[in-house]
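K.L.:
The structure that follows is given in the form of structure tokens.
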């Protein structure tokens, strides 16, 4: 699985805890998470304290991998996702007149 991103556009990410059948379950209040980026030169992240949310801010084109280690009591879970980062779209900002 991958989640595409664009330079300059924040990407909200969240962790979902799944049960043994693959169904999303409520996040236990004691859950804690440590996020990491494979290549921090490509993006920065902003973690919301006390939640399983993270906002990725891509700054360079490339392939990033976002990983998380989740601890719930004695249980440790991990998750990761590839984030291909593409350039920001070009936006016209001015015009000029030149010889033909």
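The values are calculated or read from the model by the stated rules, or taken from the named source; none is laboratory data. If you're wondering where the values come from, they're calculated on a predicted model, not measured in any experiment. Neighbour counts run over all protein chains shown; Cβ positions are idealised from the backbone, glycine included.
K.L.:
Which one of the conditions (1) within 17 Å of the chain's Cα centre (by Cα); (2) in a loop (DSSP other than H, G, I, E, B) does residue 56 fail to meet, given that it meets all the rest?
P.N.:
Looking at each condition in turn, residue 56 falls short on (2).
K.L.:
Could you say whether any residue in the range 61-76 is part of a loop (DSSP other than H, G, I, E, B), at pLDDT below 95 and out of contact with any strand residue (DSSP E or B) (no Cβ under 9 Å at 6 or more places or on another chain)? Steps first, please.
P.N.:
Restricting attention to the range 61-76, the residues satisfying the condition of being part of a loop (DSSP other than H, G, I, E, B) are 61, 73-74.
Checking which are at pLDDT below 95 leaves us with 73.
Checking the rest, the ones that are also out of contact with any strand residue (DSSP E or B) (no Cβ under 9 Å at 6 or more places or on another chain) come to 73.
For the range 61-76, residues part of a loop (DSSP other than H, G, I, E, B), at pLDDT below 95 and out of contact with any strand residue (DSSP E or B) (no Cβ under 9 Å at 6 or more places or on another chain): present.
K.L.:
On to the next question. Quick check: anything in the range 46-56 modelled with pLDDT of 95 or more and exposed (fewer than 13 other Cβ atoms within 10 Å of the Cβ)?
P.N.:
The answer is no; no qualifying residue exists.
K.L.:
Which pairs do you get when a residue that is free of Cβ contacts under 8 Å to residues at least 60 places away in the same chain and on the phi < 0 side of the Ramachandran plot, found in the range 13-41, comes within reach of a residue that is assigned to a loop (DSSP other than H, G, I, E, B) and surrounded by 10 or more Cβ atoms within 10 Å (Cβ to Cβ), reach meaning Cβ atoms under 7 angstrom, with the pair 6+ apart or on two chains?
P.N.:
Hits for this filter: 14/52; 24/16; 27/52; 31/52; 33/15; 33/52; 41/60.
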